[in-house]
Structures are given as C-alpha cells and as structure tokens.
Amino acid sequence: IGKKIYNTFSGKIIDGIYKGVKIFPKEHWSNDLGSKILGLYEKQVQDTVKNLCFKNKITTLVNFGAAEGYHLTGLIKNKIINKGFGIEINKATINTLKKNIKLNKINNKIKIISQPTLNFINIYLNKKELAKTLFLIDIEGDEYNLINSENIKLIKKSFLLIEMHPFANVSKIKKKKFQNI
C-alpha cells in the first residue's frame, strides 16, 4: 500500500508541515512510506517540532537517529529551520538520507555525521547558535548513554525532544540516573 501511495503522489509529501518535500522510497528502519507521503508519520513529533521552532525561533536541528531524514529534510526544505545535522550510524540509511537531501536540493544546509556523540558541537555551533538549536533524539535506547551529566552541560541552553525507549535493554540503574540528570 505504501508503494502505491508513493507512486500516486510521485514521491512528494502531500500534507502537513513537510508538504511538497520529496522522499526516496527506500526505508531502512520502518515501513512507513505511505504515512510519510500522506504527512501523517510521527504527527505528534511534527506538531511538537513545529510549535517549538516557531515559538522559540529555532534555526538549527541536530537530529540524532536521523534515519532517512524525514524530519530533517522536511524542516529545512520548507524553511522552518536554516540548517541541520543528521546523526546516523547505518551506512545504507545514510545513503538514503543523502539521496533525500539531494532530491530536495538542500545539500549545503545539512551535515551528516556518522558518530553518535556530541563532539562535533564545538566545531560547528557556537553558544549563541546552541540557544536556537533543537536536538531531536530518537536512537532506540541509546539516549540513555548520550544524555549524561557531562553532555547536558554542553546543550543545556538548547531545546531537547527525546523519544524515550523504556522497552530498550537498559538497566534500571541507568534509567534512574538518566531521570535525575
């Protein structure tokens, strides 16, 4: 069904804040092609991101677990934010992310990073930019490792939207420690 919806609308998102954005049909993490084209994929995330961006004049997105770039390319292509960083570790997924960036002609606005750390921040973002940066984090349980007391100091002036994965194989101690940061 997803492929049929994709073909019917020529690979363009038809509704929502990402309307008009083109997406490559290859998915690596999900089978959500139909809901993506219809503009319904992770609608609650889209609505939250939109509200945060407009209310706080967000200019940059750091997308940990960027996958194929649905949120990243949609926000940049539709000029909701100016630039972004797609952090993704899967090589096949990175290839699809690159195709989506190219399809939407936003090559100069996105930097792809394949290491899931915050080491790049001091290289690419200054303190003023960090105050207008949204961190969208969806890394299948690894958020418990990424967000720690040391890293939170780096991004404490930024905005964080974290998809929690309580089902992940993470110890109760680590989850408790995370909650207390």
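The table for this structure:
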quantity	calculated
Every residue from the range 101-127 that is modelled with pLDDT of 95 or more and not hydrophobic (A, V, I, L, M, F, W, C)	Lys102, Asn104, Lys105, Asn107, Asn108, Lys109, Lys111
Residue within the range 45-59 that is aliphatic (A, V, I, L, M) and within 13 Å of the chain's Cα centre (by Cα) present	yes
Pairs where the first residue, in the range 98-109, is in contact (Cβ under 8 Å) with a residue 12 or more places away in the chain and closer than 14 Å to Lys79 by Cα and the second is in a loop (DSSP other than H, G, I, E, B) and β-branched (Val, Ile, Thr), C-beta under 8 Å, 6+ apart	Asn104/Val21
Where a residue in the range 148-164 is open to solvent by less than 40 Å² (accessible area, probe 1.4 Å) and its partner, wherever it lies, is of a type in the set (Gly, Ala, Ser), with Cβ under 9 Å and at least six apart	Ser158/Ala131
Where a residue in the range 119-143 is under 21 Å from Ala67 (Cα atoms) and β-branched (Val, Ile, Thr) and its partner, wherever it lies, is outside any loop (DSSP other than H, G, I, E, B) and open to solvent by 30 Å² or more (accessible area, probe 1.4 Å), with Cβ under 6 Å and at least six apart	Ile121/Leu154; Ile137/Ile162
Pick from the range 81-91, criterion not in a loop (DSSP other than H, G, I, E, B) and not small (Gly, Ala, Ser), ranking: farthest from Leu130 (Cα to Cα)	Lys91
Condition broken by Ile81, with the remaining ones in (1) more than 22 Å from Lys109 (Cα to Cα); (2) touching a helix residue (DSSP H, G or I) at 6+ places or on another chain (Cβ under 9 Å) satisfied	(1)
Some residue of the range 114-130 being among the acidic types (Asp, Glu) and surrounded by 17 or more Cβ atoms within 10 Å (Cβ to Cβ)	no
Per-region count, the range 5-14, residues over 19 Å from Lys102 (Cα atoms) and either under 18 Å from the mean Cα position of the chain (by Cα) or open to solvent by less than 40 Å² (accessible area, probe 1.4 Å) (or both)	1
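The values are calculated or read from the model by the stated rules, or taken from the named source; none is laboratory data. Quick caveat: nothing in here was measured; it's all calculated off a predicted structure. Here Cβ is always computed from backbone atoms with ideal geometry, including for glycine, and neighbour counts include all displayed protein chains. The accessibility values were calculated without ligands, DNA or RNA, using every heavy atom of the protein model including side chains. Shrake-Rupley method; radii C 1.70, N 1.55, O 1.52, S 1.80 Å.
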